[in-house]
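What follows is a short report on a single structure.
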Amino acid sequence: MSVSSWAGGLVDWRRTLTEIKRFIAPAFKRIEQRQTAGIFIDGLLSRAERKTGWMLAEEAGLDRPYRIQSLLGRSLWSADELCERVRHYVIEALGDPDGVLVVDETGFLKKGDQSVGVARQYSGTAGRIENCQVGVFAGYASRFGHALIDRQLYLPKEWAEDPERLQKASVPEDLAFATKPTIARMMIERILDEGVPCAFVLADALYGSDSKFRSALERRKQPYVLAVRSNHTLRIFREEQLILTDTETMIDELDAQAWQALSAGEGTKGPRLYEWTRLPIARPNEDGFQRWLLARRSLRNPDAIAYYFANAPAETTLAELAAAAGLRWTIEECFLRAKDDLGLDHCEARSWHGCAMSVSSFPQIDGFRASGFGLRDGLRSMMNGLVC
């Protein structure tokens with residue numbers, strides 16, 4: 001094997017990009033839309049500092065941004081169909097029985113108040129309340145790479161309860177207010193209904209603390225590892241008594257010998273080692289699934305503990321749960337690449353359709369980090385998923 005074969009030097013990037021454009025073309029009704037979509041994707045992959053309509057038009061040699069802006073804001077085609085085609089492309093390339101689905105949200109800072117869904121709300125990106133839009137995303141990760149495969153813009157109540165504002169932004173009439181965990185639950189159920197292979201569903205405490213989100217996965221017999229807060233209330237039956245406690249208290253009561261050093265996967269500086277422990281919080285159910293409270297402790301700072309609810313077949317090992325929990329970083333990597341390299345947060349579209357389009361067509365090139373440069377024959381590695 002030559003260096004060029006595993007380093008990606010033999011990949012025909014232009015042909016691969018052309019194949020991807022052909023693959024998504026049926027999502028657009030007219031040839032002009034398909035051509036403009038191709039220009040849009042070329043612009044996202046360009047060195048343009050800002051991925052705005054004007055900058056993308058300039059990169060393509062156009063006099064005005066009309067074509068780009070028309071595609072995002074006025075043309076009639078289905079962003080959901082595009083998203084579905086992107087998802088199928090990703091799963092064909094990355095799908096694996098040991099793959100995981102990861103749910104998270106990210107914010108897009110805005111200065112005005114006209115863009116659909118914009119409001120003063122908490123942004124994890126900024127770490128504080130800001131004027132922003134927030135989108136809920138689903139990512140897929142396997143040994144072959146990782147990419148975003150679904151999305152939905154979150155509509156705050158002040159938007160959902162303002163008919164005039166909704167109409168002005170062309171928000172679909174049947175779209176009602178939904179919390180972020182509700183959006184994520186419907187998203188994950190839709191993905192799993194398509195038969196996407198998934199060993200675990202992963203999410204942070206916003207979703208892990210939602211009982212409806214957990215119950216939906218349990219009804220499907222879908223294993224999960226979901227982060228929860230340290231003060232999450234638990235009701236435990238012990239010796240026919242109902243005990244009210246919380247996650248932090250339960251873990252604090254464990255002996256020192258209960259902790260085990262395990263890797264949460266490879267990091268930039270080698271294996272990410274932590275101490276892990278778990279304890280059952282219910283008896284195995286009739287399907288052979290067991291629910292655990294899982295905890296991860298820093299080796300350097302024993303007071304830094306993260307907590308999780310896990311649900312999986314009773315024979316699942318602690319090492320397996322720790323490895324799954326450690327994969328939640330993959331969606332953060334997707335967000336970072338999509339924003340820093342491809343302008344995910346540069347969108348100027350204000351309408352629902354325009355925002356849905358802009359976040360349905362961002363390429364991801366994350367397969368390299370997870371799998372070297374050998375993403376199944378090398379041809380799909382350039383864009384292992386177009387971010388939805």
- Query: Just a yes or no: is a residue in region 265-273 out of contact with any Cys (no Cβ under 7 Å at 6 or more places or on another chain), at positive phi and of a type in the set (D, E, K, R)?
  - Reply: no
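Taking the residues in region 106-131 that are hydrophobic (A, V, I, L, M, F, W, C) and over 24 Å from E164 (Cα atoms) as candidates, determine which candidate is most open to solvent (accessible area, probe 1.4 Å). Break it down into steps so the answer makes sense when it comes.
Narrowing region 106-131 to residues hydrophobic (A, V, I, L, M, F, W, C): 108-109, 116, 118-119, 126, 129.
Add one more test, that the residue is over 24 Å from E164 (Cα atoms), and what stays is 126, 129.
Numbers: A126: 28, I129: 97 Å².
For region 106-131, the residue satisfying everything is I129.
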- Query: Of the residues E105, E81, which is of a type in the set (D, E), at negative phi and not in a strand (DSSP E or B)?
  - Reply: E81
- Query: Of the residues that sit in region 34-59 and are under 24 Å from the mean Cα position of the chain (by Cα) and touching a residue at least 40 places away in the same chain (Cβ under 8 Å), which one is surrounded by the fewest Cβ atoms within 10 Å (Cβ to Cβ)?
  - Reply: R50
- All-but-one check, A322 against (1) modelled with pLDDT of 90 or more; (2) farther than 20 Å from E248 by Cβ; (3) not in a strand (DSSP E or B), failing number (2)
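Given the options V134, V102, name the one that is touching a strand residue (DSSP E or B) at 6+ places or on another chain (Cβ under 6 Å) and either closer than 19 Å to A324 by Cβ or surrounded by fewer than 17 Cβ atoms within 10 Å (Cβ to Cβ) (or both). Outline the logic, then answer.
Values: V134 fails: either closer than 19 Å to A324 by Cβ or surrounded by fewer than 17 Cβ atoms within 10 Å (Cβ to Cβ) (or both).
Checking each option against the conditions leaves just V102.
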- Task: For region 188-201, state whether one or more residues are at positive phi and open to solvent by 30 Å² or more (accessible area, probe 1.4 Å).
- Result: yes
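Inside region 167-181, can you point out the residues that are open to solvent by less than 100 Å² (accessible area, probe 1.4 Å) and within 17 Å of A79 (Cβ to Cβ)?
Result: A169, S170, V171, P172, L175.
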- Message: Need the failing condition index for D96 against (1) among the charged types (D, E, K, R); (2) open to solvent by 40 Å² or more (accessible area, probe 1.4 Å); (3) assigned to a loop (DSSP other than H, G, I, E, B), just the number.
- Response: (2)
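Among the residues of region 111-141, what is the count of those that are in a strand (DSSP E or B), more than 13 Å from the chain's Cα centre (by Cα) and over 17 Å from W352 (Cβ atoms)?
Narrowing region 111-141 to residues in a strand (DSSP E or B): 119-123, 128-141.
From what's left, more than 13 Å from the chain's Cα centre (by Cα): 119-123, 128-133.
After this cut, where a residue has to be over 17 Å from W352 (Cβ atoms) as well, the list is 120-123, 128-131.
Of the residues in that region, 8 qualify.
The values are calculated or read from the model by the stated rules, or taken from the named source; none is laboratory data. Everything quoted here is computed from the prediction, not taken from an experiment. Backbone-built Cβ (ideal geometry, glycine too); neighbour counts: all protein chains shown. We work out accessible area using only protein heavy atoms, side chains counted, and drop any ligands, DNA or RNA first. Shrake-Rupley method; radii C 1.70, N 1.55, O 1.52, S 1.80 Å.
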